[in-house]
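Quick notes on the structure that follows.
The values are calculated or read from the model by the stated rules, or taken from the named source; none is laboratory data. Bear in mind that the values here come from a model prediction, so they are computed numbers and not experimental data. Every residue, glycine as well, gets a Cβ built from its backbone with ideal geometry; the counts of neighbours run over all protein chains shown.
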Ligand code: SF4
């Protein structure tokens, strides 16, 4: 049975844009616009979209590095949307984030053991020997030698630094981890190692994960379900196998068709995205995707914003497209 751990309801994040001599607010950017999603205990939800679509902002709201402008976040039954200061401390212990760039997220002047240990100190593990013991165990768990605790970040490769980032995030035994593009800065060969490690750690530590990436090829390996985000909104969500075999939203089709096939004998239908991602300062009318959509219907798609609706043949497959869900549903194109 699936049990929700994180529930987002109408989550919205707006950033003011300031300008002029007095730095007055001249506009508002809707980085995340009314996202409602559930992440179940023990699952990995992949969150995918192009740069600037709001996926990192969403992840940062969930670990409460950002306070949402509107909507609510419920974590394990408790509303944590507007907690602050001391109220956040127990929550911080249970929720962690792994950043994209492991080098800039580590203090270059601190030995890595000290950086990993910081969370233990903050959360009251007073016994020094216990702290060192737990750091050694954690380094071992992420595939590094415990003696590396005395080294500095510059002495490690990119993949090793991301392992250190994982050790630091997991030392407090969190329930929920947001992995924000954890392999984007790594070479392809190292990416696979870190993804496998993440998968093993998730199983061993019974974690719930939000895995953020800009590439559908990366999340396929680790996710149970995948959500696709466009201009601050979720446009499609379903189980991993279904999303990759039967995508509904034209944007998902385009992202999928961009994944290279490692077999030169096979080809794939290409759905090329037209134009640039619109500015979130001035999103298009109707469906935000309509200026780039190859099947957009004039008078409908440019006027009415589609809601996230169930697919005709699956309870768990939702998409926001007038022509792919609801009464006018067209069959999706097959991405093979
Ligand atoms: Fe394309 Fe219209 Fe569907 Fe938007 S609602 S994705 S514009 S077909």
Exercise for review: Could you please let me know if residue 228 is farther than 28 Å from residue 261 by Cα and either in a loop (DSSP other than H, G, I, E, B) or modelled with pLDDT of 95 or more (or both)?
Suggested key: no
Study note, to complete from the structure: The correct count of residues that are under 15 Å from residue 252 (Cα atoms) and either in a loop (DSSP other than H, G, I, E, B) or within 8 Å of the ligand (Cβ to nearest atom) (or both) in region 293-312 is 5
Revision key, fill the gap. Checked 276, 315 against criteria (more than 9 Å from the ligand (Cβ to nearest atom), modelled with pLDDT under 90, out of contact with any helix residue (DSSP H, G or I) (no Cβ under 7 Å at 6 or more places or on another chain) and in a strand (DSSP E or B)); the one match is 315
Practice item. Only one of these is touching a strand residue (DSSP E or B) at 6+ places or on another chain (Cβ under 8 Å) and modelled with pLDDT under 95: 35, 98, 48. Name it. Key: 98
**Study point:** Single condition residue 134 does not satisfy, out of (1) assigned to a loop (DSSP other than H, G, I, E, B); (2) in contact with a helix residue (DSSP H, G or I) (Cβ under 7 Å, 6 or more places away or on another chain); (3) surrounded by fewer than 23 Cβ atoms within 10 Å (Cβ to Cβ)
**Key:** (1)
Exercise for review: Would you check if there is a residue in region 56-71 being buried (at least 20 other Cβ atoms within 10 Å of the Cβ), in a loop (DSSP other than H, G, I, E, B), out of contact with any helix residue (DSSP H, G or I) (no Cβ under 7 Å at 6 or more places or on another chain) and touching a residue at least 60 places away in the same chain (Cβ under 8 Å)?
Suggested key: yes
Check your understanding: Does any residue of region 106-120 turn out to be within 13 Å of the chain's Cα centre (by Cα), part of a helix (DSSP H, G or I) and buried (at least 20 other Cβ atoms within 10 Å of the Cβ)?
Key -> no
**Study point:** Matching residues in region 200-220 - criterion: being touching a residue at least 24 places away in the same chain (Cβ under 8 Å) and farther than 21 Å from residue 101 by Cβ
**Key:** 202, 204, 205, 206, 207, 208, 216, 220
